[in-house]
Amino acid sequence: MNRIYNWLPDHVDIRLRIIAWAYLVAQILLVGTGGLVRLTSSGLGCPTWPECSPTSFVNTPELGIHGVIEFGNRVLGAVIGILAIIAFIAILRLRKVRRDLFWLTLLAGLGIPAQAVIGGISVLTKLNPYVVGLHFIMSAVLVALCTVFVYRIYTAPTPRSLVVPRWFAIVTHITSFFVAITIVFGILTTGSGPHAGDANSPRNGLDPVVLQHVHSWPAYATFLLTIALVIASIRFRLLPVRRYAVTLLAIEFVQIGVGLIQANTGLPGILVGIHMMLACLLASAMTAVILFLKRPAEQDVAAEGSASGIAAATATGTASATGPASATGTATAR
Ligand code: HEM
């Protein structure tokens, strides 16, 4: 037991960086695979649990594409559970010096059983759209928590101070408020339309056409506010927040485009799935902008540079777990 404990990191090293990145990427991908299950009605692709079918633990050719999708989602869910446990254990040895990392892994880890309970309630309530919506909100919160985890892995645990003008910070927080409102109304829109739960599950009874408009208004407000943030960050040379603001704007641009196309083409499943995943990427980028409003007093310069990897990953959602770590060289937040 002692040998295992001694093997655990006693400072932030490459192992922790890989775990943090893998955790974030897996959380975002899980939203995609979960969405795919719902949008392709593959929930019963594996008719039994924990086996996929009465005769096999994995999907078989007879279960077709629905079996592949449902089994893939189950595998990714299991991977996240394992990653959560690994992340928590990996932090144990430095829990006294990095209480922030300890609490983040604990909170994110507890989010997984919470998601399982919400998922169970959604089945018991025959996919009540509000419960299904809560499931999505929890996913977005977990993505945000994992983004903070990645950020904290790259930054020293010293007090942080504002590195942008106060008005810039206020506009950023107002923008995040509009992001949250947009997501809530997006969920209500879904709950009123064809993709809430399955074909027989209840709808929330609201008018989907009206809701589409109400959902897009805060989305446009978010976009305008983000343009203002980008212009201000360029004008006042607010680095490194500028690159995260630009990333956020780019994601919003694509997200709004996808939203408009899906709304005008009868909500094809593939676009709705992309819209869901982009919403989580957007939540991650918004979190990064907020985090970079401040800077630790004793920020390691090299570590700060390497943290720019967050932007790249939030932009692609598939960043290599080792990318930013290799850029860091020996810089670690001890
Ligand atoms: C900042 C930009 C936006 C964000 C963050 C966002 C986010 C979301 C979210 C989280 C959902 C719910 C997904 C789910 O529960 O499965 C959603 C649904 C939806 N969004 Fe957006 N959205 C944005 C912009 C737009 C725009 C501009 C439109 C254009 C009208 C739009 C159209 C829709 C539609 C039609 C749905 C319902 C899809 C369905 O019925 O499955 N979105 N959005």
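Values quoted throughout were computed directly from the atomic coordinates according to the rules given, and no laboratory measurement underlies them. On a predicted model such as this, the values are computed, not experimentally measured, just so you know. Every residue, glycine as well, gets a Cβ built from its backbone with ideal geometry; the counts of neighbours run over all protein chains shown.
Taking a ≥ b ≥ c as the square roots of the eigenvalues of the Cα gyration tensor, the chain is oblate, since a/c reaches 1.5 or more and a/b is not larger than b/c.
Scan the chain and note any complete DSSP helix (H) whose C-alpha atoms cover at least 30 Å along its axis and whose Kyte-Doolittle average is 1.6 or more.
Numbers: long enough: 14-39 (37 Å, 1.45); 64-91 (41 Å, 1.87); 99-124 (38 Å, 1.38); 129-153 (36 Å, 1.82); 166-192 (39 Å, 1.45); 208-235 (40 Å, 1.17); 241-264 (34 Å, 1.00); 269-291 (33 Å, 2.21).
Span-like helices in the chain: 64-91, 129-153, 269-291.
Its relative contact order, with pairs defined as Cα atoms under 8 Å and 6+ residues apart, puts the stretch 185-300 at 20 percent. Split the chain at each of the GluC sites (Glu not before Pro) in a DSSP loop with at most 13 other beta carbon atoms within 10 Å, and the longest piece is 52-297.
For the chain, what is the charge dipole size about the Cα centre, in debye to the nearest 20, if Lys and Arg each add +1 at the Cβ and Asp and Glu each add -1 at the Cβ?
Working: 22 positive and 12 negative charges, 231 e Å.
Here the chain has a charge dipole of around 1100 debye.
So, with +1 on the Cβ of K and R and -1 on the Cβ of D and E, and no other charges, what is the size of the charge dipole of the stretch 67-129 about its Cα centre, to the nearest 20 debye?
Details: 7 positive and 2 negative charges, 71 e Å.
Using Cβ point charges on Lys, Arg, Asp and Glu, the stretch 67-129 gives about 340 debye.
With neighbours defined as other Cβ atoms within 10 Å of a residue's Cβ, the residues Lys96, Lys294, Lys126 order from fewest to most as Lys96, Lys126, Lys294.
Using helices alone, what [θ] at 222 nm do you get for the chain, with -39,500 (n - 2.57) per DSSP H run of 4 or more residues, divided over all residues and rounded to the nearest 500? Spell out each step's value before the answer.
Working: 12 runs with 233 residues, N = 334.
Counting only the DSSP helices, I get -24000 deg cm²/dmol.
Between the exposed loop cleavage positions of the chain, defined as chymotrypsin sites (Phe, Trp or Tyr not before Pro) in a non-H, G, I, E, B DSSP state with at most 15 neighbouring beta-carbon atoms within 10 angstrom, the longest gap is 58-235. Could you tell me which residue out of Ser201, Phe292, Asn73 lies farthest along the dipole of the chain toward its positive end? Charges go on the beta carbon: Lys and Arg +1, Asp and Glu -1, centred on the Cα centre. It is Phe292.
Note on the stretch 241-296: Cα Rg divided by 2.2 N^0.38 Å, N the number of residues, gives 1.32. Projecting the Cα positions of Trp49, Ile227, Met277 onto the charge dipole of the chain (unit charges on Cβ atoms of Lys, Arg, Asp and Glu, taken about the Cα centre) puts Ile227 furthest along the positive direction.
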